[in-house]
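The values are calculated or read from the model by the stated rules, or taken from the named source; none is laboratory data. Remember, it's a predicted structure, so these values are computed and weren't measured experimentally. Positions of Cβ are generated from backbone atoms using ideal geometry, with glycine treated the same way; all protein chains shown enter the neighbour counts. Side chains are part of the model used for accessible areas, which takes the heavy atoms of the whole protein and leaves out ligands, DNA and RNA. Shrake-Rupley method; radii C 1.70, N 1.55, O 1.52, S 1.80 Å.
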Amino acid sequence: MAWKTLDDMDLAGKVVLVRVDINVPVEDGRVTDATRIERIKPTVDDILKAGGKPVLLAHFGRPKGQVVPEMSLKITLPALEEVFGRGVIFADDCIGLPAKQAVAALSEGDILLLENTRFHEGEEKNDPALAAAMAALGDIYVNDAFSAAHRAHASTEGIAKLLPCCAGRLMEAELKALEGALGNPARPLVAVVGGAKVSTKLDLLGNLVGRVDYLVIGGGMANTFLAAQEINVGKSLCEHDMTGTARDIKDKADTAGCQIVLPVDVVVAREFRAGAVNETVAADACPADAMILDAGPQSVELIEEVFDKCKTLIWNGPLGAFEIDPFDAATNAAAKKAAELTEAGQLVSVAGGGDTVAALNGAGAAEKFSYISTAGGAFLEWMEGKTLPGVAALED
């Protein structure tokens, strides 16, 4: 690893600026899911234990450089205090006099939350003056927000160039998991990529076919790959204008020795609704008036056989219309298989992306995976092989 962690820093008596992701869901003025707050607790606890004074930097919503009262981070205070088990001080700006005074008044054991960084136009523009004003508040910078690491913002990239910096515990765990899954994985390596459209995951597929041994394609994008083989997919979600691209990806995979796994049987229905009348047919036998909504049981067996052969799994996207029963069956079965192999110590499994996490939670499999990334865009860009500015800024 080319970046430092909290263990490499002398935190005693230091003001530690910590970039966190607490962009949590809120309803009726209260936080409805504190998962992201729970995941930063180890970092805050370790800074306090080492005698440091944690000062939290975060964004909330998309205020576009304006002060929007409904997007004040103050709304997160009760949830933060509940998770941390202590009071949290709040400053109503992340720079200037309110922030300076709040930092100056900190005693050992205090936690300070600064107001939404995106209330400043310079945040998303990575304005050096804003980064310098934030850096002036502290002695050390810790990035614990992998989910914001794909953005070169003042609080994720600019500030890291101005202070001694390191990764927080969540960032450290994320980077270790990702490095183990795609940087230097135990092989064979399988990637599951699902979702609606090939066009949204072109970079991802292009990167993966050169790096994995098996590529399982599911969801609507599998229909495009089937159509590329001149298979009739009826009224299914399919990007017919992308079939040439699908063939190019298949050719690239063949050259690289990557085996693409597509459905051999499919579950079809005439309407897209829960409990719709459905049938299972061969992948090349979709009726003209039907749509493919899930992979069939033979396809699941094929995927499970691949999982049995592999040592590492990366998962992004469902295998079917997992949101509605019974078209969640393939995703659930494959997820449970991956969870069983992980629990048995036979597979390292890493998954990420909003739909993916929801699908694995729905299958009751998420907690058994080796690592579940809560980062959406950053996880996807990492899988695409792109440099993440917030990570690159931490490198020695």
### Task
Keeping the other protein chains in place, figure out the carbon and sulfur percent of the accessible area of the chain, with a 1.4 Å probe.
48
### Query
When the gyration tensor of segment 299-396 is built from Cα positions, what are the square roots of 5 times its three eigenvalues, in whole Å, from largest to smallest?
25, 16, 11
### Task
Starting from the Cα coordinates of segment 44-89, work out the convex hull volume and express it per residue in Å³.
90
### Query
Rounded to the nearest 10 Å², what accessible area does T280 show when all protein chains are kept and the probe is 1.4 Å?
70
### Query
Can you flag which of K176/K197; K4/K161; K125/K176 are past 18 Å Cα-Cα?
K176/K197; K125/K176
### Query
Averaged per residue, what accessible surface does the chain expose to a 1.4 Å probe, in Å²?
41
### Message
On a straight-distance basis, which lysines could pair with K201 in a cross-link, Cα separation under 19 angstrom, same-chain partners fewer than 8 positions away excluded?
### Response
K250, K252, K386
### Message
What percent of all Cα-Cα pairs in segment 262-345 falls into each 10 Å bin, going from 0 up to the bin containing the maximum distance?
### Response
19, 47, 25, 8, 0
### Task
Take the Cβ-Cβ distance between K100 and A2 as r, set R0 to 51 Å, and report the resulting FRET efficiency rounded to the nearest 0.05.
0.95
### Message
Above 33 Å lies some portion of the pair distances; for the chain, what is it as a whole percent of all C-alpha pairs?
### Response
39
### Message
For S107, what accessible surface area do you get with a 1.4 Å probe? Give it in Å², rounded to 10.
### Response
60
### Task
Let me know the whole percent of all Cα-Cα pairs from segment 226-308 that are separated by more than 16 Å.
57
### Query
Using the Cα atoms as the points, what is the convex hull volume per residue of segment 270-313 in Å³?
97
### Task
Apply the Debye scattering formula to segment 133-193, with a single equal point scatterer on each alpha-carbon and no solvent, then give log10 I(q)/I(0) at q = 0.18, 0.21, 0.22 Å⁻¹.
-0.71, -0.85, -0.90
### Task
Using every pair of alpha-carbon atoms in segment 233-384, split the distances into 5 Å bins beginning at 0 and state the percent of pairs per bin, rounded to integers.
2, 9, 16, 18, 21, 18, 11, 4, 0
### Task
Work out the P(r) tail for segment 132-254: percent of alpha carbon pairs separated by more than 22 Å, whole number.
53
#### Entry: Reciprocal mean inverse distance between Cα atoms of segment 7-97 - Kirkwood radius, Å
14.2
### Query
Accessible surface of F119 in the full protein assembly, 1.4 angstrom probe, to the nearest 10 Å²?
20
### Task
Mind jotting down the distance between the C-alpha centroids of segment 227-247 and segment 155-198, whole Å?
32
### Cα→Cβ-extended label distance, 7 Å offset, between E27 and D308, nm
4.3
## Note on the structure
So for R0 = 25 Å, FRET eff. of D203-E395 from the Cβ-Cβ r, to 0.05, ends up at 0.65
### Task
Putting +1 on Lys and Arg Cβ atoms and -1 on Asp and Glu Cβ atoms, find which of V88, T156, L106 reaches farthest to the positive end of the dipole of segment 66-184.
T156
### Query
For segment 12-160, what is the largest minus smallest coordinate of the Cα atoms on each principal axis, given in angstrom and ordered from greatest to least?
36, 35, 28
#### Entry: Set of lysines near K368 by C-alpha distance (under 17 Å), chain-local residues within fewer than 8 positions excluded
K311, K336, K337
